[in-house]
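Below is one structure, written out as C-alpha cells; comments come after it.
Rule-based calculations on the coordinates, nothing more; no lab input. Keep in mind that what you see is a predicted model, and the values were worked out from it rather than measured. FYI the Cβ positions are ideal-geometry reconstructions off the backbone, even for glycines, and counts take in every protein chain you see.
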Amino acid sequence: MVSSIAYYITLLRRDFAGYCSRELGKLGLSQGLLFFILYVGRHPGCTPGQLAAALHMDAGHTARSLAKLEQGDFLLRRPHPQDRRAQTLELTDRGREAFELSHALFARWDAQAAAALTGEEQARLLDLLEKLAGGKGGGGCVRGDFPAD
C-alpha cells in the first residue's frame, strides 16, 4: 500500500468508529446520534432546522434521529417561545451525561492514538490536521483542488 494521508485517516477513522461504538453502545447510542447530542449540548435551545443545517443533514434524517434520541430519553423537544409552529431542542439529564462522556471519550481515544508521540509532536500534528481541514490559514480539502495525476 502506498503511503497517503487518505490511507492513514481511513485507518484512524475506522479505529475511532469502533472505539466509539463500543463505548457509546453502553449508553444505547450510536456514533451518528452522538453528533446530534454534541450540537444540542453546545447550542441548547436550537431548532431542528438549525441542527440539520449545521450537521449538513436533510430534514428527514434529522427528524428520525431526533425521534430516536427522544425515545431514548436523551433529548426534549419544546415549543419555541416566539413561534408556536417551531420547536427548540434541549438535552435531558441522560443527554447531558452522554455529552459529558463524549468529551472524556474523545480525550481517551486521542491519548491512546497519540501515545507514541511526544507532547510537541502531538501539538504539531493537531496544528497540521487543522490546517488540512481548512483552519489556521489552510484551504482545506475542497473537491477540485487536487492536481490531476
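Observations on the structure shown:
- The chain - mean residue ellipticity at 222 nm from DSSP helices (-39,500 (n - 2.57) per run, n ≥ 4, rounded to 500): -20000 deg cm²/dmol
- Annotation: peptides 26-38, 93-105, ranked by per-residue average of other Cβ atoms within 10 Å with the highest first, follow the order 26-38, 93-105.
- Debye intensity ratio I(q)/I(0), log10, the stretch 5-133, q values 0.09, 0.16, 0.22 Å⁻¹ (C-alpha model): -0.32, -0.88, -1.29
- Full extension of the chain between ARG124 and LEU38 yields a length gain of 28.4 nm, computed as 0.36 nm times the residue separation minus the alpha carbon distance.
- Residues whose amide H comes within less than 5 Å of that of GLN87, counting only those at least five positions distant or on another chain, are HIS80 (H built at 1.01 Å from N in the peptide plane).
- Value of relative contact order over the chain, rounded to a whole percent, pairs C-alpha under 8 Å and six or more apart: 18
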